[in-house]
C-alpha cells in the first residue's frame, strides 16, 4: 500500500490523478516526507515539460487583464489575517490547494538542499531568506526615519530592509547595515546596493527599541560605523 | 505592510510603466513573490513578464484554444496574487510553483470543457514539435530542444503516457481505458517515465548551459 501511494507521486505531479486518488494522495503527503521530496523533484521535471511546450507569445492584452484583476481584488485577500488557517481551509479550490501543497513540498525539499549551500550560493540563500521575511504576513513593517523604504521584522526578530533607489555603492565602497542597541552599533552585513527596489537581509536579530541603519564604508566593511547613516529606521 | 505598499506605489508619477517595471528587473523570482505577498502589483507584472510566455505556451498546448489558454493563465496569476504569502520563498523556485498552478488550472478547464481532441498526439503541437518562434530567447529554444531530446530517449509507452497526461490532460484512468491497458500499468509507466526523464535531464544539465532561473 505504501509503495502504491508513493508511485502516485508521478501522476500527481502531472495532474493526472482521478479526483478520489488526488484527495487520498494529498492526505498521505501531509505525513510523508519521502513523497514531499519526490514530488518537489518531479515538479522540477514537469517544469521542463512546460518549458518544452513554449510557443507564440500571448496577446499583450493578457498582462493588462491580469493586473486589472489584481486591482479589483479586496486587499484582505492578499495578506490574510490568519494565513495558517487559510492554508488548510476546506473552501479552497483545486488551484489554491495545489498552491498550498506546492509550498509545503517545495519547502521541505528546499530545506534539504539548503544544508548543502556552499559559499557560492550564500548570496542566493541570503536573498531568499530576506524574501521570506518580507513575505511573512505576520511580520511588522517599520518606517524609515532616514532613506526611502521600510524595515520588515518578523516575530523572531529576523529583519530585512526594503530600500528604494539607494543606488550602487561608490567604487571601492560598500553599504553596511548595523543594528543599534542604545548607542552600541553591531555590524549586520554588507551589500552592494541597487537602483530600484533592493531587498537586503539584516544579519542578527533585531529586538524592540533597536534601530537598523546603513552606512557607506570602505570595501570589506568596518568595525564602527562611518556617520551619518544613509538609512536609519524608526526604533523597532 | 501597508506602509511598504504605499512606498512602492509612491514612485514619481513622471516615470512611465516601463520605468516602473525596470525597478524590479534585478530581483530574483522569489523576491518578487515576496513583494507580491505585500501587495506589490508591479512585482506581479514583472513575474508575468518572466514566466507568462511559458505559462501561456503550456496552457495553449493543453487547451488548444487561445482564449481558453489566456483564461487559464489569468486565473493562475490571480491565484499567485492571492496565495503568495503561503509560498516558501526562501527555499523554492517561484517559476516551478507558478507553472504548477497554470497546469492545474488548464487541466481542470480541459476536463470540464471536454475540449480534448480525439487524438492529441497526431496534432503537431502535441508531438513535441512546436513551430519555430523567431522572437523567443535563445535559452528557451535551447531548453526546449534539450527536453525534446530527452523525451525521445524514453521507451515509447512511457513517453506516450507522459505526453497524454501532461499535454493532453488525460487522467490515469482515462488513459487506461483509452489505451486498453490495466490502470496499474499506466501508473507504473508514468512513474518510470517521469523518473527516467528526470535522470536524462539531470545528465544533460551537467553538460549543458541551462539557464537556472527565469531572471531577465
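Quick note: the coordinates plus some simple rules give every number you see, no bench work behind them. Nothing here was measured: the structure is a model prediction, and the numbers come from that model. Every residue, glycine among them, receives a Cβ derived from its backbone with ideal geometry; neighbour counts consider all protein chains shown.
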Proxy reagent accessibility, fewest Cβ within 10 Å first, across B:64, B:189: B:64, B:189
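Please report the orientation-averaged projected area of the range A:128-236, defined via the convex hull of its C-alpha atoms, in nm².
Details: hull surface 24.2 nm².
That works out to 6.1 nm², a quarter of the Cα hull's surface.
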Cα gyration tensor, the range A:193-236 - rounded (a/c under 1.5), prolate or oblate: oblate
Global form of the range B:18-89, assessed from the alpha-carbon gyration tensor, a/c cut-off 1.5: prolate
Average beta-carbon neighbours from other chains, 10 Å sphere, peptide B:65-78: 4
Within 10 Å of each Cβ in B:98-108, the average number of Cβ atoms from other chains: 6
Length released on extending from residue A:145 to residue A:224, taking residue separation times 0.36 nm less the Cα-Cα span: 26.4 nm
Residue B:205 versus residue B:178: modelled label distance in nm, points set 7 Å from Cα along the beta carbon direction: 2.9
Inter-label distance for residue B:26 and residue B:185, nm, one decimal - labels placed 7 Å from Cα along Cα-to-Cβ: 5.8
Virtual spin-label span in nm between residue A:24 and residue A:171, 7 Å along Cα→Cβ: 6.8
Per-residue mean of C-beta atoms belonging to partner chains within 10 Å, peptide A:147-156: 2
Cα centroid of the range A:222-236 to Cα centroid of the range A:152-183, whole Å: 8
